[in-house]
Amino acid sequence: MHAHPDDETIATGALIAELAARGIRVSLLTATRGEQGEVVSGPLSVLEGTDALTHERERELAGAASALGIGSADRFWLGMPPARGAGLSPRVYRDSGMTWIRPGLAGPADDIDDDALVRAPLGEVTADVAAVIEELRPALVISYDNGGGYGHPDHVRMHEAALAASRAVGVAFAEVVHQPGAGTEWFTLDRHLAVVTAALRCHASQLTVDGTHIVHSGGQREPISTAVGLRALSR
């Protein structure tokens, strides 16, 4: 369960590829279309701040998920059935945006839309997540840790909702961690570097790939990660 298109590949791409390679069914729930994302300088930069960016990011997510091994029938949007609480009309959760507090740590944006994910009641978001868990009955739900990985408000909200919904339904939950530690099952998955790289290239509005590094729209660079940990939380 992720907050925006590209999170699935940056944070868990190698893990998804490994599970798919083992013949394990992987379903992906994405909360928003990442409407507030900055666009990489170039031919797609005209999309920034437009409805066309929403459609482009939907298209990019479809390509990346397919590259990682997630079929179209296993991709879902939060707020749209079956990821919508019983009796509620479908809705679109918008990207809440963020600001950088310091390098590597994000915080809330200065201006947040009324229909942004973080403005929605946590109970409503949790009900939507629980609905798709009930529908799919997965063996394990995976999402961010309680800090959202790097503090993005939408990541934190998805951790809160995914954990609460998993406990309500009675399904195991594991949070993604990026450093080995106590209680963490660590996976080194270098064999999936080519697959993850191909999936990253699908997110062309948000990043470019330079060798074994990701270059974000703001120029920040980070290595493509093929190692990831999971830490199970008690029900």
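The values are calculated or read from the model by the stated rules, or taken from the named source; none is laboratory data. Bear in mind that the values here come from a model prediction, so they are computed numbers and not experimental data. Neighbour counts are summed over all protein chains in view; Cβ atoms, including those assigned to glycine, are modelled from backbone coordinates with ideal geometry. Quick note on the areas: whole protein, heavy atoms, side chains included, nothing else; ligands and nucleic acids left out. Shrake-Rupley method; radii C 1.70, N 1.55, O 1.52, S 1.80 Å.
Data table
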{"item": "Relative contact order [Cα under 8 Å, 6+ residues apart], the range 53-130, whole percent", "result": "26"}
{"item": "Protein accessible area in the chain, 1.4 Å probe - carbon and sulfur %", "result": "52"}
{"item": "The chain - mean residue ellipticity at 222 nm from DSSP helices (-39,500 (n - 2.57) per run, n ≥ 4, rounded to 500)", "result": "-10500 deg cm²/dmol"}
{"item": "Solvent-accessible area per residue for the chain (1.4 angstrom probe, square angstrom)", "result": "45"}
{"item": "Ratio of the Cα radius of gyration of the chain to 2.2 N^0.38 Å, where N counts its residues", "result": "0.95"}
{"item": "Percent of beta bridges antiparallel (DSSP, the chain, rounded to nearest 5)", "result": "70"}
{"item": "Accessible surface of Arg91 - all protein chains present, 1.4 Å probe, nearest 10 Å²", "result": "50"}
{"item": "Normalised contact order of the chain, rounded percent, pairs of Cα under 8 Å and 6 or more residues apart", "result": "25"}
{"item": "Charge dipole magnitude, Cβ of K and R +1, D and E -1 - the chain, Cα centre, debye nearest 20", "result": "720"}
